[in-house]
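*Asks:* Got a structure for you, questions after.
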Amino acid sequence: MARQKRRRKRRDEEEEAEIPMAPMIDVVFLLLIYFIMTLEPIPIFANLNVFTPSTDAPPKVQPDKPPEVIRIGVYSDGFTFDEISVTERQLDNFLRTLSRASKTQTVLILCATDSKHGSLVRLLNICAKYEMTNLSVVSAN
Amino acid sequence: MIDVVFQMIIFFICTIDLDKNKFDKKVVLEWARDAAEVKEQNPLTINVNVRADGTIVIGGTRMNVPTFRAILKNVTNRYGSAQVPVVIRGDKNVLHGRVRELMDVCKSAGIWRVSFAAIVTDG
């Protein structure tokens with residue numbers, strides 16, 4: 001009798017030690033479905049660096065060497081290159097030609113306050129394409 | 001199969017983006033397919049989101065220009081202006097005048113270099 005009781009007790013303990021798998025798998029699948037549903041593709045960003053010089057600071061005088069500054073205007077109705085109205089494709093061509101001569105030339109971007117920010121970013125993208133890194137952004141009214 | 005499912009869950013947990021607040025979903029960035037992608041961002045970077053209507057959002061919180069000025073002043077006083085990169089995440093349709101205000105705040109805090117965020121690829 002005592003031996004039978006011991007055996008039954010051991011059997012009961014073995015049964016209790018089993019982990020119920022079915023609910024755990026259910027939960028795991030629910031978690032998986034949640035993660036898959038909430039997954040969002042992360043876009044890859046770029047940071048376009050610019051220098052923002054102060055308009056109050058006096059310009060540096062270099063009498064021996066004329067400053068190599070390219071002036072590009074960003075306005076609500078388009079771009080200008082040295083005060084001449086140009087399209088984005090023309091600007092691309094100009095910058096490509098200029099970058100072949102020197103990539104360290106200063107590009108001064110005059111941005112009108114009523115222009116869209118996207119236009120400035122598109123221009124900076126063209127500059128990045130031709131590896132022109134010396135960029136200054138000045139806001140104009 | 002359970003092993004595979006567990007591995008997938010571990011993968012999803014590991015790749016979960018905890019910095020979602022940095023990027024405002026209402027900001028539609030302009031494309032810059034030819035620019036170099038950001039590989040690593042300085043942890044001190046301040047990401048300023050500017051929505052199309054001109055609303056400024058930092059870390060999921062709306063704020064105005066004086067508050068941004070105060071935050072920037074606080075951070076630059078602690079770490080130095082040369083150490084704090086500022087990334088302006090301007091919507092492609094926001095007027096430059098609004099972005100200019102932020103650039104002026106950066107200048108007043110001694111930050112002369114700012115970055116404009118753009119999308120290289122959709123991910």
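*Asks:* Do we find a residue being assigned to a strand (DSSP E or B) and either surrounded by fewer than 20 Cβ atoms within 10 Å (Cβ to Cβ) or not charged (D, E, K, R) (or both) anywhere in the stretch A:94-107?
*Replies:* In the first step, residues of the stretch A:94-107 are kept if they are assigned to a strand (DSSP E or B); the result is A:106-107.
Filter again for either surrounded by fewer than 20 Cβ atoms within 10 Å (Cβ to Cβ) or not charged (D, E, K, R) (or both), leaving A:106-107.
Scanning the stretch A:94-107, I find at least one residue that is assigned to a strand (DSSP E or B) and either surrounded by fewer than 20 Cβ atoms within 10 Å (Cβ to Cβ) or not charged (D, E, K, R) (or both), so the answer is yes.
*Asks:* Can you find, within the stretch B:2-27, the residue that is least open to solvent (accessible area, probe 1.4 Å) among those that are more than 9 Å from every other protein chain (Cβ to nearest Cβ) and among the hydrophobic types (A, V, I, L, M, F, W, C)?
*Replies:* For the stretch B:2-27, the residue satisfying everything is B:Val27.
*Asks:* OK, next. When you go through (1) assigned to a loop (DSSP other than H, G, I, E, B); (2) open to solvent by less than 70 Å² (accessible area, probe 1.4 Å) one by one for B:Asn49, which number turns out not to apply?
*Replies:* Of the numbered conditions (1) assigned to a loop (DSSP other than H, G, I, E, B); (2) open to solvent by less than 70 Å² (accessible area, probe 1.4 Å), the odd one out for B:Asn49 is (1).
*Asks:* Give me a count of the residues in the stretch A:91-115 that are within 11 Å of chain B (Cβ to nearest Cβ) and under 18 Å from B:Ala36 (Cα atoms).
*Replies:* So the answer is 1.
*Asks:* Kindly establish whether A:Arg122 is in a helix (DSSP H, G or I) and more than 19 Å from the chain's Cα centre (by Cα).
*Replies:* Criteria not met by A:Arg122.
*Asks:* Give the number of residues within the stretch B:52-76 that are open to solvent by less than 50 Å² (accessible area, probe 1.4 Å) and not hydroxyl-bearing (Ser, Thr, Tyr).
*Replies:* 10
*Asks:* Can you find even one residue in the stretch A:116-126 that is within 12 Å of chain B (Cβ to nearest Cβ), modelled with pLDDT under 90 and open to solvent by 30 Å² or more (accessible area, probe 1.4 Å)?
*Replies:* No, the conditions are met nowhere in the stretch A:116-126.
*Asks:* Tally up the residues in the stretch B:69-123 that are part of a strand (DSSP E or B), closer than 22 Å to B:Val38 by Cβ and of a type outside the set (S, T, N, Q), please.
*Replies:* 12
*Asks:* Could you say whether any residue in the stretch B:95-118 is among the hydrophobic types (A, V, I, L, M, F, W, C), within 14 Å of chain A (Cβ to nearest Cβ) and in contact (Cβ under 8 Å) with a residue 60 or more places away in the chain?
*Replies:* Within the stretch B:95-118, one or more residues are among the hydrophobic types (A, V, I, L, M, F, W, C), within 14 Å of chain A (Cβ to nearest Cβ) and in contact (Cβ under 8 Å) with a residue 60 or more places away in the chain.
The values are calculated or read from the model by the stated rules, or taken from the named source; none is laboratory data. Quick caveat, the model's predicted, so the values are computed rather than measured. Because the Cβ atoms are built from the backbone with ideal geometry, glycine has one as well, and the counts that use them run over all protein chains shown. Side chains included, ligands, DNA and RNA excluded: accessible areas come from the protein's heavy atoms. Shrake-Rupley method; radii C 1.70, N 1.55, O 1.52, S 1.80 Å.
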